[in-house]
1. For Ser121 and Asp47, calculate 0.36 nm times their separation in residues minus their Cα-Cα distance, and state this gained length in nm to one decimal.
2. If you take the alpha carbon radius of gyration of region 32-97 and divide it by 2.2 N^0.38 Å, what ratio comes out, to two decimals?
3. Read phi for every residue in region 167-175 and hand back ³J(HN,Hα) as whole Hz from Karplus 6.51 cos²θ - 1.76 cosθ + 1.60, θ = phi - 60°, with x for Gly and Pro.
4. Where does each of Tyr165, Tyr159 land when they are ranked from fewest to most other beta-carbon atoms within 10 angstrom?
5. Each residue of region 38-51 in order: what ³J(HN,Hα) in whole Hz does its phi give by Karplus 6.51 cos²θ - 1.76 cosθ + 1.60, θ = phi - 60°, with x for Gly and Pro?
6. Could you give me the ³J(HN,Hα) list for region 143-157, computed from phi with Karplus coefficients 6.51, -1.76, 1.60 and θ = phi - 60°, whole Hz, x at Gly and Pro?
7. Among 196-204, 45-53, what's the highest-first ranking by average C-beta atoms within 10 angstrom per residue?
8. Counting only residues 5 or more places away or on other chains, whose amide H sits under 5 Å from the amide H of His73 once H atoms are built in the peptide plane?
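Just so it is clear, none of the values below were taken in a lab; they were calculated from the coordinates. Computed from a prediction, not measured in an experiment: that's the story for all the values here. Glycine gets a Cβ as well: all are built from the backbone with ideal geometry, and neighbour counts include every protein chain shown.
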Amino acid sequence: MKILRRTVAFLLLLLAGPLAATGLTGCARLSGDWTTASRESAGIGPDPAATPDAVVQVYAARAFKWRGAFAVHTWIAVKPERAPTFTVYEVTGWGVRRGGATFSLSSRAERGGGGRALQVSEGAPDRLWYGARPEVIADVRGPRAAAAIGKIRAAVASYPYPDSYRTWPGPNSNTFVAHVLRRVPEIEADLPPHAIGKDFLPNGDFFARTPSGGGGQVSLFGIAGVLVSAAEGVEVNLLGLSVGVDPGELALRLPGIGKVGFNTETPGGENVAAAAE
C-alpha cells in the first residue's frame, strides 16, 4: 500500500504541471482554430540583411490546442554567412495525417502514402507556432555556427523517421530536434523538460548522449528513463512527463511548465558572445 500511495503521489505531481499550464496557455488557445491562428514573426529573430554572420538557433513554442498544456514544439533555424534568409528544419504531423506513414515500434519507420513529417522551408525563423510565441533555446553565431551548419544538414539527412509522426511518446518534432542536437553537441542546447518526445531514442536504442551533449541518458521508448547531464541536471521521465532538478541553474524541471529557478538565463547569451572566438 505504501508503494501504491507513493506511485499515485508521484503521478499527481507529474500531472500538476500540465494542469497549471492550462492557465498559462489560456483557454482560448486550447480551443482555437488552427486555420486562423497567427504564424507571423515574433520579432525576436535576427534580420538576415543586418546579420552577415552565420547563425544557428533552436526555438520552442507551446504545442497547439490541448497538447500545449503538456508540451512544446521545437525547431531549428540556420543561416549561413551572408545568406539572405533562414532555412527552418522541423517535423510536423500535418503531412502524415493527410496520407503519410504511421510509426511502428517494430521497425525504423513505416513509409508510404506520400505524406512527409520532416519539413524544410525558408523564411522567418521565429514565426509563432499557431498563435504561441516562441522562445530561443539556443543561439550560436559566427565561425562556430558556420562550422555547425554542415553537421546539422548531415544530421537532418540521417533522421530515421522523415515520413513518420506520433504525438506520444514519439517520434515527433522534439524527437527530431533532439536527434540533430545529439549529433551537433557544439550547439549545447538544453531542451526543456516539456519537450515531450526528446527522450524517444531512434532505432530502438536504450542509451544515448543527452541533447545538450553534456551527459547521458537511459530511455525505454521515451516512456520511462533517467537523464544526467552537466547542462540539464538530473531528470526522471515517466510516461513522457519529466521532472528533475538543475543544480547549475538552481532550477526545477517541471512537466508542463519547463524550468523554474533563480539562476535561469535566456538561452544563447553565452553562445552569441562566443561567436568571435
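1. So the extension gain works out to 25.0 nm.
2. Compared with the compact-globule rule of thumb, region 32-97 sits at 1.32.
3. 4, 9, x, x, x, 9, 4, 6, 4
4. Listed from fewest to most nearby Cβ atoms, that is Tyr159, Tyr165.
5. 5, 10, 6, 5, 7, x, 10, x, x, 7, x, 5, 9, 10
6. So the J values, rounded to whole Hz, are x, 5, 5, 4, 5, 7, 4, x, 5, 5, 4, 5, 5, 4, 5.
7. The peptides rank, most packed first, as 196-204, 45-53.
8. Ala61, Arg62, Ala63
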